[in-house]
Amino acid sequence: MDILVETRAKVTTITLNRPAAMNAITPDMHDALHAAFDAFAADDSQGICVVKGAGDRAFCAGSDLKTVSQQGAYPSSGYAGLIERYDLNKPIIAAVNGLALGGGFEIALACDIIIASETASFGLPEPLAGVVALGGGLHRLPRQVGLKQAMGMILTGQRVDAAKAESLGLVNQVVAPEALDAAVETWCEAILKASPMAVRASKQTVMRGLDEPSLAQALKNQGGYPAYRDWAKSDDAREGPRAFAEKRKPKWQV
């Protein structure tokens with residue numbers, strides 16, 4: 001299997017499973033990943049998705065160049081079933097151990113949180129091969145690190161290591177390779193303490209708000225965002241204050 005999907009408690013883990021090929025993406029994997037993310041999105045029992053690469057050499061080295069000529073149209077959710085999936089309000093964490101290059105870096109950029117091993121490195125080397133990174137990296141990278149830093153990486157195709165990526169604000173935490181899984185679990189546990197409805201409303205409000213023309217417009221429109229409306233009418237919006245007043249742990253709706 002080129003991808004593995006595991007559900008444990010409220011966490012879905014999707015593993016790119018081609019370690020001998022540095023987890024490079026084949027045409028079939030785009031459809032398999034699209035289906036896996038669809039299933040995660042539709043399952044109310046699942047609150048967080050973790051994306052990782054098998055082995056210790058790479059998270060994902062991008063597209064498998066040996067199979068590029070076989071590539072048809074990407075699924076409706078875009079490259080890897082993720083980079084154009086704009087309506088997924090549940091958190092996605094990338095656990096990056098080793099190389100995250102080209103399309104692999106673009107997958108990580110499409111996640112909400114990146115936890116990286118000290119061995120991780122990131123880059124968009126496409127121009128060095130005479131091609132262009134069209135899987136979202138040219139748009140997400142400058143939005144996440146600023147124009148000058150992004151242009152420096154994009155125009156040279158240079159890689160940055162995990163420490164540099166953390167200094168740029170690309171990575172939330174850098175840990176030793178053997179501590180990566182435990183660090184990801186700690187992040188998942190922290191997120192799962194919160195109301196799932198509030199987490200989803202928060203993510204959607206951030207992402208939609210960034211698309212608004214101004215801060216004033218974002219504040220004005222946030223009450224109309226679907227996940228915000230769902231949260232506002234949910235019991236979770238009242239359960240949190242109620243549990244605090246009663247000095248007990250909240251019991252969330254989902």
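The condition of being in contact with a helix residue (DSSP H, G or I) (Cβ under 7 Å, 6 or more places away or on another chain) and modelled with pLDDT under 95 holds for only one of Gly157, Gly135, that being Gly135. Counting only residues that are on the phi < 0 side of the Ramachandran plot and in contact with a Cys (Cβ under 8 Å, 6 or more places away or on another chain), region 11-38 holds 8 of them. Among the residues of region 207-228, those identified as free of Cβ contacts under 8 Å to residues at least 60 places away in the same chain, exposed (fewer than 13 other Cβ atoms within 10 Å of the Cβ) and in a helix (DSSP H, G or I) are Asp211, Leu215, Ala216, Gln217, Leu219, Lys220, Gly223, Gly224. Taking each residue of region 242-254 that is in contact (Cβ under 8 Å) with a residue 24 or more places away in the chain and outside the structural domain of Ala201 (by TED's automatic domain parsing) and looking for partners that are exposed (fewer than 12 other Cβ atoms within 10 Å of the Cβ) and assigned to a loop (DSSP other than H, G, I, E, B) with beta-carbon atoms closer than 6 Å, six or more apart or interchain, yields Val254/Asp44.
In summary, Pro250 fulfils each of the numbered conditions (1) under 23 Å from Ser45 (Cα atoms); (2) out of contact with any helix residue (DSSP H, G or I) (no Cβ under 6 Å at 6 or more places or on another chain) with the single exception of condition (2).
Candidates are the residues of region 10-44 that are under 22 Å from Val199 (Cα atoms) and touching a residue at least 60 places away in the same chain (Cβ under 8 Å); the one that is nearest to the chain's Cα centre (by Cα) is Val11.
The values are calculated or read from the model by the stated rules, or taken from the named source; none is laboratory data. These numbers come from a predicted model, not from an experiment. Counting neighbours? That spans all protein chains shown, and the Cβs are built from the backbone with ideal geometry, glycine included.
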